[in-house]
Amino acid sequence: MSDTDSRTKFTRRRLLGGLGAMTVALTAPIWKPATSFGAAAKPAKRFIGVFSANGTIGSAFFPNTTAADSPLTLGPECRILAPLAAYKSQMLVLHGVDMTSTIGANKPGGPHMKGPGAMLTGGSLLPGPFTGSEGPAGYADRISLDQVIANTQKTQFPSLEFGVRMQGQEPLKYISYRGASMPNAAVDDPWQIFSRIFANAGMSQAQLQKTIADRKSVLDFLKDDITRLESRFTGADRARLDAHLTGIQDIETQLATGAATCTAPTLPARTDPEDMDSFPMMASLQINLMTLALTCGMTNVATFMFANADSWQWYPWIGVNEEHHATSHADDTDMAAQEALTQINIWTAQQITTMLDKLAAVTDSDGSTMLDNSLLLWGNELGKGNTHTYQNIPWMLAGGGGGQFRMGRFLQYPSVPHNNMLLSIQNAFGIPGTTFGDPTCCTGPLSNLT
Amino acid sequence: MSAPRRALTRSPWAGCMIGLAVAGCTGVVSSPGGQNTGGASVTGSAGSTGATGATSGSAGSTMTSTGAAGAATTCNAAAPDPGDAPLTRLTQGQYLNTINDLFGKIDLTSVYPATSAASQFGLAQADVDGADLTNYERAAEAVSAAVVANTSTMAQVAPCAAGATTAAARTCASQFLQGFATRIYRAPIAAADMDRHLALYDAGAANGGYTHGIQLLLEAMLQSSRFLYRVELGTATAVGPTAVKLSDYELASRLSYGLWNTTPDVTLNTAAAAGKLETSADVSAQLQRMLQDPRGATMVPQFLGSWIALPQLAGVAKDSATYPQWTPALQTAMVTQAQSFFTDLLANQGGTLKALLTSKTVFTNNATAALSGASASALPSDGSFQSSQNPNAAGLLTLPAFLATQAKADQSSPIYRGKFVREQFFCQELPSPPANIPPAPVITPGVSTRERLTEHEVAASCAACHALMDPIGLGFENYDGIGAYRTVDNGKPVDASGMLAGTDVDGTFTGVAQLGALIANSATAESCVGTQWFRYAMGRAEQVADTCSLQQMKTTFHASGADLRTLPAAIVQTPAFMYRRPLAQGSN
């Protein structure tokens, strides 16, 4: 990944005299691409993992065909995916890819707890104390795909985690894990995200230089400090401090590479992000911030959670005046509930369409679009809400992913573990490997993708 | 990080690809914390058709002192084992309280807009992530800037004569590090650590004088792991082979965060500095002082509230068609109602476990009146609560806040309520439900909750587990999904008969009042409350090594007649609280 544009920018910035270049602000529009200063730089590949809750309605999601490999047509039966029709040539829909790694008599966690922890890790939950959703269980037992990719990045932020109305008990709120029991919280407050990624917005150059010098001194102190303390401990305590030290080093990297390369957008006046009714507004703000961070080269890896697993969000703006989770338990014969669930999923697909629209509108350094160089994976905690099945998770891949996969198809598999899919994506990002997640659950890359 | 919780595994690692079989209820109930302390265990017959399953195990034993392998543990006061003491980070609440106590009121809402209502039973703590660290940085910068901008705070924290020379100012910084900094780190700065602190001061002072040097020091110290974590290194003073004494400062922190949820105050700090936390009598004296402080009196009620998930009640959603009266105002009133009961229980009702489970005293205001069939107009219009006696009441068990939390969005839940009783009062942990469970029965007019649940007795895959929950929870059927009293459920008269099995107080009962009386007589439940308190107060799950600490604490609790008010003092005197295991040799 050494020839990605962000790395090139960094070099350029140093050429311009280090800190002085950090205040360079691109003029409007905000969506100006993260142009590379070197002419021949290859655009970075971006990964976006999207989570939604409580399963889907399979008959309204999957195309109605028995063919194992068919062109993605998105006929009228695919009501949920219909909003994405403009992108069907850059999409893959997968059927029969199961979250098998969650299943087993000795795998802790209630039916809604397991999915988020497994979705990107290909693992399962550790034993632990969380009982909020018919536990008990702890956090996931290994690193997630987004973090595997993030570990190869040289961007200001290795990854950013976005959420909308993240509520409820641990570990319902996490799909991103830096390692066992190391969740990355999906931040559901756009104003908090804003202050993180535009930390220095509004400072004069003199102020900025002083702040950077101060933070550098403090970070040096903290690294020394934690290293001294760490040496006193062993085992889990030491690992905990080591995780802290790694985080401090990441902040230091952000300080070194952080740049106001984009104009900070103006957020509306703060309102309560936990308010049930503001869900669409928060989703919209978060989508804007996520695509902005990707466009500006602040990060190449993001995850986005439409509420926590087991979500009890209501969707009155689309006529769903009941709780998502409770609705998902209704019997298959309850047509009103089936329609409500379909509407919720259609709305989510519309939000993902917005993400793709924004990615497609950005031209990368080589003339391709940012969508051509991105891979968005939309998954779910469950296949179907009322059975709590981990089979036939509604997986959807979108974007060019740098041309690694043959897109525009609907692929059906005879119940293969989703670890295989995660492995294929890892490989598509140029990260070698022959297994992903729990190795007993992985039988190799997903066939017929490349 | 957290202690291994249970050993439920029936078989060695089942390979992923063969894991597709339904992971049904084994019928085995283990005690949380697994392999340890007084474990009641219930063995049902997995998948047996409809039978409740044979019950066996040592249910009812209080402290069996039985370790993992079943070997008896001998408790030797001269060789205590304090168990594990994992390194914990300040909770958000502790962090904010600490900042407030150190520096006075500083607005941090830009960093922490809302106080998270995380469970106080914080048995596992995730490692810091990038967002946490950014928040720490922002908060430290905000606090430091506010402190140095406020002359009266500066006079308290790091005084220095106006117009001091560079050398004199550096001496002031040195005095700050030897003085107030001790409160920030909750320990004195070792001589060997002074230089690197002064070096940071110098870097700051060069960039803006004394004030800026102090500002930079504060920024760093407030992000230091010594501040953010509860660092307990212990001392070289061994107490038998498996324990060392904590330093006086470390013990002061345990007392303060344990009883007040904040940093040690000046009195505790002074006692630590003077070596006045060495003896059991010293500690007892501080303990009495701290319990008499208003902050000390909040601990038991907070424990009780946390136990029934009171902080989460505001997030409980209900179906508006079924419960149109479910409003934020009612939820808030329910929380106050529960807190009023806890306060009265501890102040006026003897504070016993028996009273907690059998009290007839209820608090009602105009918002909650309808739940118990009282007349709202007969109550004060300002929303204040009045107490009265209700023959149906059973203390905590009939609090609407509890009943509404342990219920579904549109109906009661005998399952949740039965599960709560079994797990929270008998410390018997139920296995996770299997994947791919069949659809729940839909609510049909004229079919009661009890009738819908009979399906669990028919379906073999459900019976083994549900036999452990449903018969208890059905005793709560006089209370609907928001805790309102009812005698008719979906057109059918309520049948609140229930049954306790697999406990030391087995038997049939009708209604929650009778259930409360049964549990109040249970030695297992009394022991379990002690275990729950241990988890709450120590912030970790109990382990085999804690057997003697638990035994000691539970003996004290029992001798008091199970007076909940004795719990804080009882745990402070245990090895788990007073000592730590010696740190293993670091590799550096």
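Of the residues A:LEU219, A:HIS95, A:VAL164, the one whose Cα sits farthest towards the positive end of the charge dipole of chain A is A:LEU219 (charges of +1 on Lys and Arg Cβ, -1 on Asp and Glu Cβ, taken about the Cα centre). Ratio of Rg to Rh for the range A:218-366: 1.11 [Cα atoms; Kirkwood radius as inverse mean 1/r over pairs].
In this entry, the range B:242-357 is assigned a mean projected area of 10.6 nm², taken as a quarter of its C-alpha convex hull surface.
Around A:LEU449, what is the net charge, scoring Lys/Arg as +1 and Asp/Glu as -1 over all other residues with Cβ under 10 Å from its Cβ? Write down the numbers at each step before the final one.
On the way: positive: A:ARG406, A:ARG409; negative: none.
Net charge around A:LEU449: +2.
The angle separating the long axis of helix A:418-428 from the principal Cα axis of greatest extent in chain A is about 40 degrees.
Look at where the Cα atoms of the range A:376-437 and of the range B:181-256 average out, and the two centres are 48 Å apart. Here the average projected area of the convex hull drawn through the C-alpha atoms of the range A:299-450 stands at 10.7 nm².
First select every other residue whose beta carbon is under 13 angstrom from the beta carbon of B:LEU550; then total the charges, Lys and Arg +1, Asp and Glu -1. The answer is -1.
Could you work out the percent of alpha carbon pairs in the range A:391-450 separated by over 19 Å, rounded to a whole number? Don't jump to the answer; show the numbers that get you there.
Working: 476 of 1770 pairs.
Roughly 27 percent, rounded to a whole number.
Panel values: chain A, Kirkwood radius from alpha carbon pairs, Stokes-Einstein at 25 °C and 0.890 mPa s, translational diffusion coefficient 109 µm²/s.
Estimated from helices alone, the mean residue ellipticity of chain A at 222 nm is -10000 deg cm²/dmol (sum of -39500 (n - 2.57) over DSSP H runs with n ≥ 4, per residue).
Pairs of Cα atoms in the range B:469-588 fall into 5 Å distance bins, from 0 up to the last occupied one, in shares of 2, 10, 16, 14, 11, 13, 11, 8, 6, 4, 2, 1, 1, 0, 0 percent.
Each listed q (0.19, 0.20, 0.21, 0.25 Å⁻¹) maps to a log10 I(q)/I(0) for the range B:168-264, found by the Debye formula over equal Cα scatterers with no solvent: -0.91, -0.97, -1.03, -1.26.
The local environment of A:GLY58, defined by Cβ-Cβ distances under 11 Å, has a net charge of -1 under the rule Lys, Arg +1 and Asp, Glu -1. Partner shielding of A:173-185 amounts to 3, given as the average count of beta-carbon atoms from other chains within 10 Å of each residue beta-carbon. Protection proxy ranking for B:298-305, A:333-340, using the average of other Cβ atoms within 10 Å per residue and placing the highest first: B:298-305, A:333-340. Taking a quarter of the surface of the Cα convex hull of the range B:254-298 gives a mean projected area of 2.8 nm².
Taking Rh as the Kirkwood radius computed over C-alpha pairs, what is the Stokes-Einstein D of the range B:138-186 at 10 °C in a medium of viscosity 1.306 mPa s, expressed in µm² per second? All intermediate terms of the calculation are to be shown ahead of the outcome.
On the way: Rh = 11.5 Å.
Rounded, D is 138 µm²/s.
Between helix A:235-257 and chain A there is an angle of about 60 degrees, using the helix long axis and the longest principal axis of the Cα atoms. Each part reduced to its alpha carbon centroid, the range A:297-349 and the range B:138-165 end up 50 Å apart.
Angle check, please: helix A:279-295 long axis (alpha carbons) against the longest principal axis of chain A (alpha carbons), in degrees 0 to 90, nearest 10. In chain A, helix A:279-295 runs at an angle near 50 degrees to the longest axis. Computed on the Cα trace of the range A:121-175, the radius of gyration divided by the Kirkwood hydrodynamic radius gives Rg/Rh = 1.05. Dividing the convex hull volume of the alpha carbon atoms of the range A:291-336 by its residue count gives 116 Å³ per residue.
Calculated on the alpha-carbon coordinates, the convex hull of the range B:540-580 measures out at 66 cubic angstrom per residue. Eigenvalues of the alpha-carbon gyration tensor of the range A:156-229, scaled by 5 and square-rooted, set the equivalent ellipsoid semi-axes at 29, 20, 9 angstrom, largest first.
Read-outs throughout are calculated quantities, based only on the coordinates presented, and are distinct from any laboratory measurement. Because the structure is a prediction, the values reported are computed rather than measured. Because the Cβ atoms are built from the backbone with ideal geometry, glycine has one as well, and the counts that use them run over all protein chains shown.
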